[in-house]
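Written out below as structure tokens is the structure these notes cover.
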Amino acid sequence: MAIQEIIVVLAIVLMLILILILILFACKPWRFFVSSSRSRAIVKTDELERPLVPDDEAVVLDQSNDFVRTYDLEGACYQNEGFLRSPRTHGLVHKQRLPSASPIVNQGDSVVLDLISDTSEDLLVGQTLKRPIATEQLAEWQKQRQEDLSPNLKLVVGNDKVQEYVPKAIADQRSCLSLEVISGPSCGVRCSVQSSNASRLPLTLGRVSPSDLLLKDSEVSGKHALINWNSNTLKWELVDMGSLNGTLLNSQSINHPDTGSRHWGAPIEIANGDIITLGLTSNIYVQITSQTEAQVPFGVGVASDAMALRRGAKKLPMEDVCYYHWPLPGVDRFGLFGICDGHGGAAAAKSASETLPKMVADILSDSHKRERVLALCDASDVLRDAFSQTEASMNHYYEGCTATLLLVWTDGDENFFAQCANVGDSACVMNVDGKQIKMTEDHRITSNSERLRINKTGEPLKDGETRLCGLNLARMLGDKFLKQQEVRFSSEPYISQVVHIDQASRDFAILASDGFWDVISFKKAIQLVLQTREKYSAEKVKNSAEKIANVMLSEARTLRTKDNTSIIFLDFDSTFRKSCKVDS
């Protein structure tokens, strides 16, 4: 009997030991001891990895807050005539290697949106590495990176920093980046940094300190995005740092393709006049200046939103592209402003937004043609040739876009002239001396003027026919395949009359894609601008053109537009005009 009891006790003990072993294998407690040596490297990334939790106490509810803080990253934060030292850590947590981006042409005050076109992996230059890197990996990376550099560049690795030394002639070229929050809870907050001040780069944007641009917005991640100076391309680059709600550049997402992975996105070059959107409501206006850069002599505001089919739904793919150049490269007294609305994708719109300005600039670089425009006050031939050459250069068979381009030039004596060309349904309207002037023509098939043009081709439209090959447009750039199948499609632009804007005017122009005009008429848009501008003028609001553009965008959103919406607002009000007089 005693032996049986002993056997039972031993069996119970063995079962308990077996259960304990199974629990140990299931829980794997030794992993905590193995990972303890890496805890310091992980601590720094907690802010990036943790989910975004609304912080009600940190949210500023008054979006019209006049309490403006200006951050100067040379070392001080100015606040109501006093100053406080802006807190900042040295270096930035590195999360992953960042792909490089294709360059964006940017001369003078220009905005050209570019998309991610290169998926090669590269480490962002000048970034401090907080996580330790194995010596073998670092040596291999250094060797590979050095092979990619030109012979006169030298890569140096030391003190956990990766730097590229560039020739002095390149290093001496300076650029100043200024950011201003133009909408959202932190509206009015500003910061600026010089490209030559390496100790203050990269510039970080986020919800928690020590972000350089601190946004008290619950929809913005703790460490949301960064901007750095690329000494090779001499451009500023924006990177999404794995944010939860994403980062948009001119309404185009720059997040990592694997949504939800919290990986960093590719660095994308930014240009003067770009709009960066963090989260859902915080829009940041980008201003980039250099010592030799000219400023636009009148107010310019740009606003865009992909919009959604219904409130709260996922946003539509963004196929609009806004851009402007002042002055045109090599053509000091001319500038242009344009919107391209793509269909079938954004590639055609992106291509047209890059090609049209180049074609106009190339044509006007001919002194004879330029002087002819100035003498006759008519750029019809220039615009027509630019559209023709752009259409010929585009190789988009299954994608197309509208194109609306407003060419503005000055006579050198504070007078401006404007002329518009368009294909498609993105429209432009001007208010001149209190009169509404339509600068574009609607090229939808339902338009009377377009149906009349199509009837003249000898193949008239049938009664009730509102589409050709599935498209509601009869004129566009691109869509080469459809144009081969259907001769009634055209890329011939409508050219407006020239509008003269005198010295003492309060005239303005509105360019917008069809998402805006679908819900707001020309008359209502002009009334909205007049009311808003009067309000901002009385309050002496700065950068009112940008704010007016955003007011119009908000109105379209309130009216439930169901298409991509992009707006460019030009304010020729002489009160806010910068001098553009040419000395004789």
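Rule-based calculations on the coordinates, nothing more; no lab input. Owing to the predicted nature of the structure, the values given are computational and were not obtained by experimental measurement. Glycine gets a Cβ as well: all are built from the backbone with ideal geometry, and neighbour counts include every protein chain shown.
I'd like the projected area of segment 269-351, averaged over all directions, using the convex hull of its alpha carbons. Report it in nm² with one decimal.
Values: hull surface 28.8 nm².
Approximately 7.2 nm², given one-decimal rounding.
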Send over the Kirkwood Rh of segment 177-224, from the inverse of the averaged 1/r over different Cα pairs, rounded to one decimal Å.
11.2
How big is segment 507-566 along each principal axis, measuring the range of its Cα positions in Å and listing the largest first?
34, 17, 17
Hey, what did segment 259-375 get for relative contact order, percent, Cα under 8 Å, at least 6 apart?
14
Can you list the HN-Hα couplings for segment 517-532, worked out from phi with the Karplus curve (6.51, -1.76, 1.60; θ = phi - 60°), rounded to whole Hz and with x for Gly and Pro?
6, 5, 10, 9, 7, 4, 4, 5, 4, 5, 4, 5, 5, 4, 5, 5
Scattering curve values for segment 295-441, log₁₀ I(q)/I(0), Debye with Cα scatterers, q = 0.12, 0.13, 0.16, 0.21 Å⁻¹:
-0.53, -0.62, -0.91, -1.40
Cα-only Debye scattering, segment 447-559: base-10 log of I(q)/I(0) at q = 0.13, 0.17, 0.18, 0.22 Å⁻¹
-0.74, -0.96, -1.01, -1.22
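From the cross-link list Lys314/Lys562; Lys456/Lys483; Lys438/Lys524; Lys435/Lys562, which pairs have alpha carbons spaced over 19 Å apart? Write out the running numbers ahead of the final one.
Details: Lys314/Lys562 12 Å; Lys456/Lys483 17 Å; Lys438/Lys524 14 Å; Lys435/Lys562 30 Å.
Beyond 19 Å between Cα atoms: Lys435/Lys562.
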First select every other residue whose beta carbon is under 13 angstrom from the beta carbon of Glu492; then total the charges, Lys and Arg +1, Asp and Glu -1.
+2
